[in-house]
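Undergrad: Mind having a look at this structure? Questions to follow.
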Amino acid sequence: MARLWAGRPPVHSWSKLVFLVAFMVYLDCPLRFMESLAYTLRLPWHEPVPDHTTIYRAMRDIPNEYLERVLAETVRLCIRVSGWNRKEGLLACDSSGVETDRYEKAMIACRWRRRKRYVTLHIIAILDLMVVAAVQVTSSRTGDSPTYRRMVKQMMRTGLAWEVFGGFLNADRAYDADENCSITYELGSQPNIKQRETHGRGKRFRRRAAEEFNQQIYRYRGLVEGVFGACEVSMHGLHTRYRLRKTQQKWGLLAAIAWNLKTYSRLESAATLGCQRKPILATTSTT
């Protein structure tokens, strides 16, 4: 049998390290605490427990493309167990501030003061299932509109965009752009975006979205805040201990993966008990 590695064989399997890193992000605990906790977990791998340095290196070396594929698979698991139909689906995109442990100087009340630095967590969620389909972590000064297009490209790389888009997409005024409406229409969804007050209706797709805007469906946009609120409760506040931007992006992906797995457990339990789930659009008149 040919060897699959160069040099000594790896001591720790990749799947075990990814699990420990995702579990660490879900619990929002430091590296040394995760090392101690790993000894008490009944891991199915018959391998030694990695130390905190090995866990840190795994967090650093995980490719974002790999985590994006894992996130897409968690979404597919939730869709299969719930029987969700994208044609009747309701999506929403939103963002929220995330506190870091770093400080910056800012002009407050005509004086330079020291305040906490924040980053922004952007998500696209399926409101019918409360599942996160795409996530981006950016600077607090990054706009929501271009970040939405980056999240759509992330979903296209994993093939998830064509499996999720198809119903309505709720978004507030920060996402009001002709390019965003065009991309959403191309994917088969109707952009139900709150329009900014401007002279005229703007370009073609933005004008079409304004004519088709449905206020009754838009009122469900606030459900996406439930994802941020649940993360604040489970993670003892929406904050990150990671300082590098590339590590913060991995933190966002891992937090979304952990959230989707928890949601999958609830959906599987509901399916086992025979609970029927009705999509939001099925109980709402779209006329």
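Undergrad: Just checking, which of LEU37, LEU43 is among the aliphatic types (A, V, I, L, M) and either over 27 Å from ARG266 (Cα atoms) or not in a loop (DSSP other than H, G, I, E, B) (or both)?
TA: Among LEU37, LEU43, only LEU37 is among the aliphatic types (A, V, I, L, M) and either over 27 Å from ARG266 (Cα atoms) or not in a loop (DSSP other than H, G, I, E, B) (or both).
Undergrad: For segment 111-148, name all the residues that are assigned to a loop (DSSP other than H, G, I, E, B) and not aliphatic (A, V, I, L, M).
TA: Listed by number, the residues that qualify are ASP128, SER140, ARG141, THR142, GLY143.
Undergrad: Further question on the same structure: Of the conditions (1) in contact with a His (Cβ under 7 Å, 6 or more places away or on another chain); (2) outside the structural domain of PHE228 (by TED's automatic domain parsing), THR40 fails just one. Which one is it?
TA: Result: THR40 passes all but (1).
Undergrad: List the pairs whose first member sits in segment 42-53 and is of a type in the set (Val, Ile, Thr), whose second member is assigned to a loop (DSSP other than H, G, I, E, B) and exposed (fewer than 10 other Cβ atoms within 10 Å of the Cβ), and whose Cβ atoms are under 6 Å apart, counting only residues at least 6 apart or on separate chains?
TA: So the pair list comes out empty.
Undergrad: Can you tell me which residue in segment 140-160 is surrounded by the most Cβ atoms within 10 Å (Cβ to Cβ), limited to those that are within 24 Å of HIS239 (Cβ to Cβ) and touching a residue at least 40 places away in the same chain (Cβ under 8 Å)?
TA: By that ranking, first place goes to TYR148.
Undergrad: Name the residues in segment 79-97 that are surrounded by fewer than 22 Cβ atoms within 10 Å (Cβ to Cβ) and in a strand (DSSP E or B), would you?
TA: SER96, GLY97
Undergrad: Scan the helices (runs of 4 or more DSSP H) fully inside segment 152-230 and keep the ones with 2 or more residues being modelled with pLDDT under 90.
TA: Where helices (runs of 4 or more DSSP H) fall fully within segment 152-230 and carry at least 2 residues being modelled with pLDDT under 90, they are 204-211.
Undergrad: In addition: Please tell me if ASP101 is of a type in the set (Asp, Glu), in contact with a strand residue (DSSP E or B) (Cβ under 8 Å, 6 or more places away or on another chain), closer than 26 Å to PRO279 by Cβ and touching a residue at least 12 places away in the same chain (Cβ under 8 Å).
TA: No; evaluated as a whole, the condition is false for this residue.
Undergrad: For the condition more than 30 Å from TYR242 (Cβ to Cβ), basic (Lys, Arg) and assigned by TED's automatic domain parsing to the domain that holds ARG245, what is the one hit in ARG173, ARG141, ARG157, ARG150?
TA: Residue meeting the stated conditions: ARG173.
Undergrad: Residue by residue through segment 262-287, note down the ones that are at pLDDT 90 or above and under 30 Å from LYS116 (Cβ atoms).
TA: Hit for segment 262-287 is THR263, nothing else.
Undergrad: Need pairs with beta-carbon distance below 6 Å; first residue within 13 Å of ARG86 (Cα to Cα) and assigned by TED's automatic domain parsing to the domain that holds VAL131 and within segment 270-283, second at pLDDT below 80 and of a type outside the set (Ser, Thr, Tyr); sequence gap 6+ or separate chains.
TA: Final answer for the pair search is none.
Undergrad: Could you tell me whether LEU169 is touching a Leu at 6+ places or on another chain (Cβ under 6 Å) and crowded, with 22+ Cβ neighbours inside 10 Å?
TA: So LEU169 passes the test.
The values are calculated or read from the model by the stated rules, or taken from the named source; none is laboratory data. Since this is a predicted model, take the numbers as computed values, not measurements. Cβ coordinates were reconstructed from backbone atoms using ideal geometry, including for glycine residues, and neighbour counts include every protein chain displayed.
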